[in-house]
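Working notes for the structure below.
The values are calculated or read from the model by the stated rules, or taken from the named source; none is laboratory data. Computed from a predicted structure; not experimentally measured. Cβ atoms come from the backbone with ideal geometry, glycine included; neighbour counts cover every protein chain shown. Ligands, DNA and RNA are excluded from the accessible area calculation, which covers all protein heavy atoms including side chains. Shrake-Rupley method; radii C 1.70, N 1.55, O 1.52, S 1.80 Å.
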Amino acid sequence: MPPKELNPTEKKIFEAIEKNDIPLLRTLLTEAKDVNIFDENLMTPLQHAAYKGNKEVVQLLLDQGADPNICEHEHSYTALHFGGLSGNVDVCNLLLLAGAKSTSVNTVGRTAAQMAGFVGNHSCVIVINNFIPKKDVEYYSIIQGQQTKPYLPPFLCEGFHKFISTVNIHPVRLALNIQGIPGLLDHMDEIKNVLEMMCKKQMKGRESNEVMAMKFHYLGFMVDSLSKIRKNRKEDDDKKFDVIELFSKKILKPGKDNYLDFMDGFIREAVREFPFTDCTLFRQIVTSLAGKDPPPALNVLTAAINGHRGFVDNISVCHTCGEEKPSKKCSKCKAIQYCDRNCQRLDWFVHKKACARLSQGINEIETKPDATDISNEIQNLLINN
Ligand SMILES: [Zn+2]
Ligand SMILES: [Zn+2]
């Protein structure tokens, strides 16, 4: 089908996207009748924006009603294929949230995740493969049959969905996410219950998904652990008690030879409690963990859930929570990176000693006053990368 002649406004929309001119695009979109239009290559504005990897433009177009599943392109690339090729994970996530189908294939039979993997954009592969449609969560917020209340309080849907969509499964990152998403900390029992049901659902039927079943089980184990810590302490009526801080410090406390024994044990126990012990993924994980000199359990589980990433050299991670490409670093030693002050604060009891040693190479060690308040002590110890 030859594309219909574009009017001047429509032509300018494509030009504005090409130049990443957001203010101009915003104006043009208020004038345009429809954003689901095609250029001479039968590509939509959304497909162009996705290919350029510009998340603001993608969001703007989606807000205006751009359909992520329209596909007239001669090689049947969808907006998600282009997003995967761009390497921008936020773009992929926005498209998926807007209903982009991850199963659509192009003319050579490849999905968006496969194309992203083909060009080495492994973060996009992970985001696409970990995506959970919102309706899968909303299902649990609707009263079923004889129930008097749903499994999941409806106001938690959004936050819970965000929590289970997390790619980084480091226990401290998950704990911080539970703390950071309103409502989760107060409904841990319901959340654990829903995750258990979601895990079982993934293993039912012909299209079972062992990876997602393992992920949901692990997240449920995590939430349950926090819930137990909190219940045990509640009886003591300790008002200052912070479950996330206590848990994180346990996880981060180094054992013999600086090995994170507690974290390793925590993850091994989560795996041991996985209810489907016959499945291939479970056996693979157990085999890796049982070998001589096994890698850290977190690495084994991350590889099982997110896939092996091939060669990713020099990728920096937060020393506390494993988040990739953190934006800050310790200003004293400049050797250790963090997401933010909160991550630095949680890790300070460990990093404190190493910091003095590491900074010797850079500066003379400054003598600093004996501070009793840790937050004061590290106040000026965080700078941008
Ligand atoms: Zn962090
Ligand atoms: Zn330092």
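Residues that are open to solvent by less than 20 Å² (accessible area, probe 1.4 Å) and without any contact (Cβ under 8 Å) to a residue 60 or more places away in the chain within region 286-311 comprise L289, A297, V300, listed in sequence order.
Every condition in (1) more than 16 Å from ligand 1 (Cβ to nearest atom); (2) under 20 Å from the mean Cα position of the chain (by Cα) is met by P171 except one, and the failing one is (1). Within region 136-157, does at least one residue satisfy the condition of being under 28 Å from N299 (Cβ atoms) and polar (S, T, N, Q)? Scanning region 136-157 turns up no residue that is under 28 Å from N299 (Cβ atoms) and polar (S, T, N, Q). At pLDDT 90 or above, in contact with a helix residue (DSSP H, G or I) (Cβ under 9 Å, 6 or more places away or on another chain) and not in a loop (DSSP other than H, G, I, E, B): does that describe Y151? In short, no. Out of the residues in region 13-33 meeting the condition of being open to solvent by 100 Å² or more (accessible area, probe 1.4 Å) and closer than 18 Å to G65 by Cα, tell me which one is nearest to the chain's Cα centre (by Cα). Ranking the qualifying residues of region 13-33, first place goes to R26.
Scan region 154-207 for residues that are touching a residue at least 60 places away in the same chain (Cβ under 8 Å) and either over 21 Å from S141 (Cβ atoms) or of a type in the set (D, E, K, R) (or both) and the total you get is 12. Within region 325-352, if we keep just the residues that are assigned to a loop (DSSP other than H, G, I, E, B) and near ligand 1 (Cβ under 9 Å from one of its atoms), the residue that is nearest to R173 (Cα to Cα) turns out to be C339.
Scanning region 65-105 for residues that are in contact (Cβ under 8 Å) with a residue 40 or more places away in the chain and buried (at least 23 other Cβ atoms within 10 Å of the Cβ), we see that the one that is nearest to H48 (Cα to Cα) is G83. Just to check your reading of the model, which residue among A98, A112, A116 is out of contact with any strand residue (DSSP E or B) (no Cβ under 6 Å at 6 or more places or on another chain) and within 30 Å of I191 (Cα to Cα)? Answer to the check: A98.
Residues that are touching a Leu at 6+ places or on another chain (Cβ under 7 Å), farther than 30 Å from L85 by Cα and among the β-branched types (V, I, T) do not occur anywhere in region 145-154.
L62 fulfils the conditions (1) surrounded by fewer than 21 Cβ atoms within 10 Å (Cβ to Cβ); (2) under 18 Å from F14 (Cα atoms) except for a single criterion, (1). Being modelled with pLDDT of 95 or more and assigned to a loop (DSSP other than H, G, I, E, B) is a property that holds for D67.
Return the total of residues in region 252-269 being surrounded by fewer than 18 Cβ atoms within 10 Å (Cβ to Cβ) and within 15 Å of H351 (Cα to Cα). Matching residues across region 252-269 total 6.
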